[in-house]
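Structure, as structure tokens:
The values are calculated or read from the model by the stated rules, or taken from the named source; none is laboratory data. Remember, it's a predicted structure, so these values are computed and weren't measured experimentally. When we count neighbours, we look across all protein chains shown, and the Cβ atoms used for this are built from the backbone with ideal geometry, even at glycine.
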Amino acid sequence: MSDRKFEGQVAIVTGSSSGIGRACAIYLAGLGVSVVVNYSSNEEEGRKTLDEILSKGGKGILVKADVSKEADIISMFDETIATYGKLDILVSNAGLQKDASFLDMSLEQWQRVIDVNLTGQFLACRQAARQFVKQQSQQASDNKEESQYAIGKIILMSSVHDIIPWAGHVNYAASKGGIMMFMKSISQELAPHKIRVNSVSPGAIKTTINKEVWSDPDKYESLLTLIPYRRIGTPEDVAKAVAWLASDESDYVNGETLYIDGGMTLYPEFADNG
Ligand code: NAD
């Protein structure tokens, strides 16, 4: 992908102290984007992401924020604007699992997943949208020539479980299913402001969130039967798609969910005639 147009852009990547968020932050920085690396509790891991960006000649800062807390989100955006003066891209990635059978699921397990995975997306996306609208009016009042491309790009991290039901993980599946309608609705509302909103929905990507599966040879083999492409995904597989959605090359893509899953959503059980 051409990196020319990314030069000078600014992105916030939530939950970029590990896994997919870290890969997105490093990949975007490699394209010339200044990246706000966000962590919620593990500063050391957040710093590792930033150090890798800086060691490769990229730009970025490290900001602590729990995405489920409104005050944290507001101060992360304030710090971003104080440092860079603007925002171009939000990758709303932070998420977690608190698994339990439905019968045993506690209110705390339900609530925490909804708070981080869904309310966290609401808070981050709302703040980004407010900033983009402010930048748009600023440009208009400065009589700057309007770009033909989107003024702001939002990419939400969903999951194949926004369409594949997942017993034992109903809080997670409900949060990701919620992201789909949330994303489509805000995309409809924000498009007239020249803000593009899309989701990516990864399948099985090798990160700490699913270590318990890929580190066990039997579970790993059984996971591969769910993936027609017969390999587990890497965080970079997702980062490349995120970068494309953040680029002008996808300028007419709005309100879409891009599945990055090696075919997991193709009903692999039906490959042999069902
Ligand atoms: P991960 O555990 O490595 O990363 C999750 C990140 O979110 C971590 O950096 C964590 O610190 C951060 N986070 C958690 N709670 C937070 C909070 N309250 N505030 C700020 N940050 C917080 O796992 P991952 O696989 O990289 O997950 C990233 C996203 O991708 C999640 O939204 C997850 O649901 C989604 N996803 C992952 C997979 C997969 O197979 N790995 C598949 C589909 C979707």
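Things to note:
- Number of residues in segment 57-83 that are more than 15 Å from the ligand (Cβ to nearest atom) and part of a loop (DSSP other than H, G, I, E, B) equals 2.
- Count - residues of segment 155-172 that are more than 11 Å from the ligand (Cβ to nearest atom) and either over 16 Å from Arg126 (Cβ atoms) or assigned to a helix (DSSP H, G or I) (or both): 6
- Qualifying residue in segment 88-104 (condition: touching an Asp or Glu at 6+ places or on another chain (Cβ under 9 Å) and free of Cβ contacts under 8 Å to residues at least 24 places away in the same chain): no
- Residues within segment 216-252 that are part of a loop (DSSP other than H, G, I, E, B) and surrounded by 15 or more Cβ atoms within 10 Å (Cβ to Cβ), tallied: 5
- Residues located in segment 27-56, provided they are touching a strand residue (DSSP E or B) at 6+ places or on another chain (Cβ under 8 Å), in a helix (DSSP H, G or I), more than 19 Å from Ser199 (Cβ to Cβ) and more than 12 Å from the ligand (Cβ to nearest atom): Ala29, Arg47, Leu50, Ile53, Leu54
- Test: Ala150 is crowded, with 19+ Cβ neighbours inside 10 Å, in a loop (DSSP other than H, G, I, E, B) and modelled with pLDDT of 95 or more: yes
- Exactly one residue out of Val170, Val197 is touching a residue at least 40 places away in the same chain (Cβ under 8 Å) and closer than 27 Å to Thr80 by Cβ, and it is Val197.
- Residues of segment 173-215 satisfying the condition of being surrounded by fewer than 22 Cβ atoms within 10 Å (Cβ to Cβ), within 12 Å of the ligand (Cβ to nearest atom) and outside any loop (DSSP other than H, G, I, E, B): Ala173, Thr208, Ile209, Asn210, Lys211, Glu212, Val213, Trp214
- Number of the exception - Ser92 against (1) closer than 16 Å to His193 by Cα; (2) touching a Cys at 6+ places or on another chain (Cβ under 8 Å): (1)
- When Ser141 is tested against the conditions (1) more than 26 Å from the chain's Cα centre (by Cα); (2) modelled with pLDDT under 95; (3) surrounded by 10 or more Cβ atoms within 10 Å (Cβ to Cβ); (4) more than 19 Å from Tyr84 (Cα to Cα), the lone failure is (3).
- The single condition among (1) within 18 Å of Leu190 (Cα to Cα); (2) in contact (Cβ under 8 Å) with a residue 60 or more places away in the chain that Gln139 does not meet is (2).
- Options Lys86, Lys5, Lys98; residue that is surrounded by 14 or more Cβ atoms within 10 Å (Cβ to Cβ), assigned to a loop (DSSP other than H, G, I, E, B) and more than 15 Å from the ligand (Cβ to nearest atom): Lys86
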